[in-house]
Amino acid sequence: MSTKRVLLTGNHAAAWGARLARPKVVPVYPITPQTPVLELLTEFQAAGEFDAEILTPESEHSVMAACIPASLTGVRVFTATASQGLMLMHEVLHYAVGARAPIVMVNVNRTIGSPWAFWPDQTDSVAQRDTGWIQYYVENAQEALDTVIQAYRVAEGVSIPAMINLDAFYVSHALEPVAIPEQELVDAYLPPYRPAHFLEPGRNESWGNVVTQEMYYRHRRDIGAAMDRVPALAVEADRDWELATGRGWGAIERYRCEGAEIVIVTMGSMCGTARDAVDALREAGVAAGLVKVRLFRPLPSAALRKALAGARDVLVLDRNFSPGVGGVLHQELRAALYGMKSAPQVHGYLAGVGGVNVPPDRIVHFAREARASDAEPEPVWVK
């Protein structure tokens with residue numbers, strides 16, 4: 001099968017991923033910098049190339065309220081949002097998980113108010129980490145397209161919704177060469193969605209009833225069991241995609257980690273900059289490596305512990321901020337490594353918060369600073 005390579009932004013690559021996955025219902029509310037996703041999908045529909053019902057409700061809260069019943073009727077559902085839109089959805093994100101609706105949503109990471117701004121910042125999505133959504137973070141446009149398709153495979157395998165996060169502007173609006181797979185290849189990888197349970201007149205099934213304490217407890221326990229299956233299923237879905245296309249991304253990615261004394265850990269577009277920093281450190285004789293976290297929820301703790309074993313120091317770069325705690329990935333990684341024999345020291349740097357540019361030479365400086373420290377400092381603010 002031939003593959004078409006074209007220049008696409010991250011937004012348009014995500015829209016192509018949605019088109020190839022063949023959803024039947026697409027409720028979306030436009031919000032900067034996500035709007036081009038909706039625009040391209042409507043162009044596909046107008047050209048007769050996208051057989052889906054596109055809805056534009058009055059708010060993002062209503063968008064997710066439309067996604068859930070559509071998914072419960074047994075069809076594939078796609079949506080996209082950003083920043084304040086994701087904030088407005090928060091209540092209904094919990095409902096989607098409780099409904100066991102495998103919706104796939106693209107979120108373009110953007111600063112949240114106040115003050116008002118339009119720069120890349122991952123606080124919007126990491127703030128949703130306890131809603132129960134699977135969360136991926138992608139580095140570039142190609143990974144965005146591929147991950148939308150993979151996310152359906154994983155979400156439908158465990159009946160849990162999935163969110164694909166890409167940094168505003170650095171990924172959402174940057175043009176890159178992207179390989180668009182043939183529809184036949186995607187259809188073979190992602191067969192039509194046929195759930196065992198769905199709502200339809202005449203079927204004795206329902207959703208949203210009032211339940212007892214014991215029933216609620218069991219329901220939440222089952223959600224936890226489903227999330228526990230995600231890391232292995234994500235690795236399997238990625239491996240099968242690599243066999244079909246030649247491209248694999250993993251739940252995490254290790255770059256030049258062999259014998260590394262210091263390992264940089266981060267998510268999203270900053271991974272590309274961190275690779276350049278690792279190369280510069282290696283050229284200067286510093287044994288450095290990078291671990292890119294692609295699957296953030298559930299956090300692949302076992303894979304991270306294995307990847308970071310043997311390192312003296314870990315430098316976590318967070319493009320998010322939780323007041324009173326610091327960087328969310330920093331805290332998550334510290335928890336994942338707790339109790340590990342000869343665990344590395346974990347240094348947290350608030351780098352890129354609010355979209356602040358962090359060039360490779362700054363990351364090199366952070367790494368040298370971390371190596372010179374004999375203790376794990378409090379989260380460091382980076383200008």
Failed condition for Ser114, given (1) touching a helix residue (DSSP H, G or I) at 6+ places or on another chain (Cβ under 8 Å); (2) surrounded by fewer than 20 Cβ atoms within 10 Å (Cβ to Cβ): (1)
Leading residue by the ranking (surrounded by the most Cβ atoms within 10 Å (Cβ to Cβ)) among those in the stretch 332-379 that are aromatic (Phe, Trp, Tyr) and without any contact (Cβ under 8 Å) to a residue 40 or more places away in the chain: Tyr349
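Please count how many residues of the stretch 139-159 are among the β-branched types (Val, Ile, Thr) and more than 10 Å from Leu233 (Cβ to Cβ).
Within the stretch 139-159, residues that are among the β-branched types (Val, Ile, Thr) and more than 10 Å from Leu233 (Cβ to Cβ) number 3.
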Positions within the stretch 49-90 being under 21 Å from Ser159 (Cβ atoms) and of a type in the set (D, E, K, R), in sequence order: Arg76
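Taking the options Ala65, Ala15, Ala52, Ala70, name whichever one is in contact (Cβ under 8 Å) with a residue 12 or more places away in the chain and touching a Leu at 6+ places or on another chain (Cβ under 7 Å).
Every option except Ala15 fails the conditions.
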Going through Gly224, Gly246, Gly202 one at a time, which residue ends up being farther than 17 Å from Tyr137 by Cα and modelled with pLDDT under 95? Gly202
If you go through the stretch 273-298 one residue at a time, how many are over 23 Å from the mean Cα position of the chain (by Cα), basic (Lys, Arg) and under 23 Å from Asn140 (Cα atoms)? 0
Residue pairs qualifying under the 6 Å Cβ cut-off, at least six apart or on distinct chains, with the first in the stretch 29-41 being more than 16 Å from Ser59 (Cα to Cα) and the second being in a helix (DSSP H, G or I) and not aromatic (Phe, Trp, Tyr), are Pro36/Asn11; Val37/Asn11; Val37/Ala14; Val37/Ala15; Leu40/His12; Leu40/Ala15; Leu41/Ala15
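Which of the residues belonging to the stretch 97-108 are more than 20 Å from Ala13 (Cα to Cα) and under 17 Å from the mean Cα position of the chain (by Cα)?
Correct list: Val97, Pro102.
The values are calculated or read from the model by the stated rules, or taken from the named source; none is laboratory data. Source: prediction; values computed, not measured. Positions of Cβ are backbone-derived with ideal geometry, glycine not excepted, and every protein chain shown enters the neighbour counts.
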